[in-house]
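Structure record follows, encoded as structure tokens.
The values are calculated or read from the model by the stated rules, or taken from the named source; none is laboratory data. No experiment lies behind these values; they were computed from the predicted model shown. Glycine also receives a Cβ, built like all others from the backbone with ideal geometry; neighbour counts cover every protein chain displayed. Side chains included, ligands, DNA and RNA excluded: accessible areas come from the protein's heavy atoms. Shrake-Rupley method; radii C 1.70, N 1.55, O 1.52, S 1.80 Å.
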Amino acid sequence: MLKKEYPDLKIIVYSVEDRLQKVRTLINQHKANAYVCKGRRGLTELNAAINAVYKNDRYLSHQVTSALNPKTDLEIDDFDVELLRRLSLGLSQDEISQFLKSNNMAPFGLSSIEKKINKLKIQFAANNTIHLVSIAKDIGLI
């Protein structure tokens, strides 16, 4: 909201969150100027981020620099991330369908969920659903 009202406002995100999809969303959609991960080097990186943003540069912590790398620029949305999260919790497709329906998230049909999972397996070159969840965790999506 602030960025819409004050487009020149500089935004630095300082967070423990290091999932690449979240970082990508904050930088690309919400136009954050820097993203700093809290941690051992957090304050040092925060100082570097302030200096970079002051010079109209973008800054990303080392842990999340791959978020904007074209090779990790996947065609996934928040629904896909939620689907992966539910799979990682061990839910069946039927349980995922019930969860989506009860939370007014569409599509929630079993056929749609199966198609989405298959699309994600192809996109991530995963051999099966377990492999898909493992890859998603490895790259920080969930």
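A few points about this structure:
- Within region 56-69, the presence of at least one residue that is closer than 25 Å to Gln123 by Cβ, in contact with a strand residue (DSSP E or B) (Cβ under 8 Å, 6 or more places away or on another chain), at pLDDT below 95 and β-branched (Val, Ile, Thr) is confirmed.
- Residue match in region 18-34 (condition: in a loop (DSSP other than H, G, I, E, B), surrounded by 15 or more Cβ atoms within 10 Å (Cβ to Cβ) and in contact with a Cys (Cβ under 9 Å, 6 or more places away or on another chain)): yes
- Extreme residue, surrounded by the fewest Cβ atoms within 10 Å (Cβ to Cβ), among residues of region 101-112 that are closer than 19 Å to Asp78 by Cβ and of a type outside the set (Gly, Ala, Ser): Asn104
- Of all the residues in region 23-57, those that are hydrophobic (A, V, I, L, M, F, W, C) and farther than 23 Å from Leu141 by Cα number 7.
- Residue list for region 113-142, restricted to those being among the basic types (Lys, Arg) and open to solvent by 60 Å² or more (accessible area, probe 1.4 Å): Lys115, Lys119, Lys137
- If you check Lys4, Lys10 for being over 30 Å from Ile122 (Cα atoms), in a loop (DSSP other than H, G, I, E, B) and of a type in the set (D, E, K, R), only one passes: Lys10.
- Gly140 meets the conditions (1) outside any loop (DSSP other than H, G, I, E, B); (2) in contact (Cβ under 8 Å) with a residue 12 or more places away in the chain; (3) of a type in the set (Gly, Ala, Ser) in every case but one. The failed one is (1).
- Test result for Gln98, open to solvent by 60 Å² or more (accessible area, probe 1.4 Å) and modelled with pLDDT of 95 or more: yes
- Set Leu60, Leu84, Leu46: member being in contact (Cβ under 8 Å) with a residue 40 or more places away in the chain and either polar (S, T, N, Q) or buried (at least 16 other Cβ atoms within 10 Å of the Cβ) (or both): Leu84
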